[in-house]
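The values are calculated or read from the model by the stated rules, or taken from the named source; none is laboratory data. From a predicted model like this one, the values you see are computed outputs, not experimental measurements. Quick reminder, even Gly has a Cβ in these numbers, built from the backbone with ideal geometry, and neighbours come from all protein chains shown. Heads up: the accessible areas ignore ligands, DNA and RNA and are worked out on the full protein's heavy atoms, side chains in. Shrake-Rupley method; radii C 1.70, N 1.55, O 1.52, S 1.80 Å.
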Amino acid sequence: MKIREYRSHFIAALTPIYDATEAESFFYLVLEEKKQLRRIDLALTPDVVFSEADILIWDAILAQLKLEIPVQYILGKTSFYGLDFEVNPAVLIPRQETEELVDWIISSANSLKLDTPLRILDIGTGSGCIAISLAKNIKNATVFALDVSDTALATAKKNAETNKVAVNFISQNILETTDLQQQFDIIVSNPPYVRNLEKQEIKKNVLDNEPHLALFVADTDALIFYRKIATLAQKNLVVGGQLYFEINQYLGNEMVALLESLYFKNNELRKDIYGNDRMTRATL
């Protein structure tokens, strides 16, 4: 079967579940991963064919996509801030909004033009996407990454090796931590922030597959991680150090009020590309 013919079958099979644009994007993601062919390659060689073995592989992938398993988990990888990352059900799939947070930190840090290395801590690192991207793009950064999940840390360590950066990984429950034992210039976190009351807004492929430990917090104390991390930052940030958060889009004002109550200065609330309150920066 010609690949372009299978493409039509693939998209048609998925459009009852996904929109056609998303279904088509899945096809080309899989095509590049499995056949090292891009959209332009298929356009230039429209008669290239799938073997029977190829079709068996693609049919298996199609069956998983019909179950709404994320394509990134099926392929075992994703791209974030221009880097390749292994992903699996133990870690969240990195989002574009988190790339915006990373870009904000990198731009700010590199504008400082410091002679001494910056010490950076990423709390709740998951796949390591934030920590590794910072280590790759900030000159002379010494980066630490903390997570409660040893399975997530194992994935993050592989990703650090793949991207050829040094990151110091720490296995620790931040909610049980009383002191981080050292000083940092930057602390960043994308902690769990989705309230249970917001579950109905979460797509089925996320809700059924991505780790709830990294997603959800109780409705009664949605800022529990932010309060704990900001309190630790009071002890473990250098004077003038910066605290960055990715946040729940509905709790921007509450986050600013929390930071102000803990005497952080220059509190800034920033929107993401979709116009949602998504990240904060504060200075000790």
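Per the Cauchy relation, a quarter of the hull surface: what is the mean projected area of the convex hull of the alpha carbons in the range 181-284, in nm²? Write out the running numbers ahead of the final one.
Working: hull surface 28.4 nm².
So the Cα hull casts an average projection of 7.1 nm².
For the chain, what is the calculated [θ] at 222 nm in deg cm²/dmol (nearest 500), taking -39500 (n - 2.57) for each run of four or more DSSP H residues and dividing by its residue count?
Numbers: 11 runs with 120 residues, N = 284.
Helices in the chain give a 222 nm mean residue ellipticity of -13000 deg cm²/dmol.
Which values of log₁₀ I(q)/I(0), to two decimal places, follow from the Debye formula for the range 7-113 at q = 0.13, 0.15, 0.20, 0.24 Å⁻¹ with a uniform point scatterer at every Cα?
The computed values of log10 I(q)/I(0) come out as -0.59, -0.74, -1.13, -1.42.
For the chain, build the charge dipole from Cβ charges (+1 Lys, Arg; -1 Asp, Glu) around the Cα centre, then report which of Phe264, Tyr6, Asn248 sits farthest towards its positive end.
Phe264
Give me the percent of DSSP beta bridges within the range 1-149 that run antiparallel, rounded to the nearest 5. Can you show the working numbers first?
On the way: 5 of 10 bridges.
Bridges in the range 1-149 that DSSP calls antiparallel: roughly 50 percent.
Compare the peptides 183-192, 270-279 by average per-residue count of other Cβ atoms within 10 angstrom and give them in order, highest first. Kindly include the intermediate steps, with their values, before the conclusion.
Working: 183-192: 22.3, 270-279: 15.4.
Per-residue Cβ counts within 10 Å, averaged per peptide and sorted highest first, yield 183-192, 270-279.
Quick one: which of 70-78, 94-102 comes out on top by average Cβ neighbours within 10 Å, and what's the full order, highest first? Numbers along the way, then the final one.
On the way: 70-78: 17.7, 94-102: 19.7.
Put in order of decreasing packing, that is 94-102, 70-78.
Would you kindly compute the Cα radius of gyration of the chain and its largest Cα-Cα separation (Dmax), both in Å?
When restricted to the Cα atoms of the chain, Rg and Dmax are 20.8, 65 Å.
Among 228-240, 16-28, what's the highest-first ranking by average C-beta atoms within 10 angstrom per residue?
228-240, 16-28
Identify all aspartates and glutamates with a Cα-Cα distance to Lys265 below 17 Å; exclude those on the same chain that are fewer than 8 residues away in sequence.
Asp185, Glu254
Under a straight-distance cross-link criterion of Cα-Cα below 16 Å, which lysines are reachable from Lys158, leaving out those fewer than 8 residues away in the same chain?
Counting by Cα, and skipping residues close in sequence, Lys158 has these lysines nearby: Lys77, Lys136.
Keeping all protein chains in the complex and leaving out DNA, RNA and ligands, what accessible area do you get for Glu68 with a 1.4 Å probe, in Å² to the nearest 10?
40
Would you compute, for the Cα atoms of the range 109-200, the largest minus smallest coordinate along each principal axis and list the three values in descending order, in whole Å?
46, 28, 27
Percent of accessible area on the chain owned by carbon and sulfur, 1.4 Å probe? All intermediate terms of the calculation are to be shown ahead of the outcome.
Values: 7100 of 13780 Å².
Summing carbon and sulfur atoms, their accessible area is 52 percent of the total for the chain.
Taking only protein heavy atoms into account and a 1.4 Å probe, give the accessible area per residue of the chain in Å².
On the way: 13780 Å² over 284 residues.
On a per-residue basis, 49 Å².
Could you list the trypsin sites (Lys or Arg not before Pro) in the range 121-195 that lie in coil according to DSSP, counting only those with at most 11 other Cβ atoms within 10 Å of their Cβ? Can you show the working numbers first?
Details: sites: Lys136, Lys139, Lys157, Lys158, Lys164, Arg195; in loops: Lys139, Lys164.
Passing sites in the range 121-195 are Lys139, Lys164.
Rg over Rh of the range 1-60, using C-alpha atoms and the Kirkwood radius, what does it come to?
Numbers: Rg = 10.9 Å, Rh = 11.6 Å.
Value, to two decimals: 0.94.
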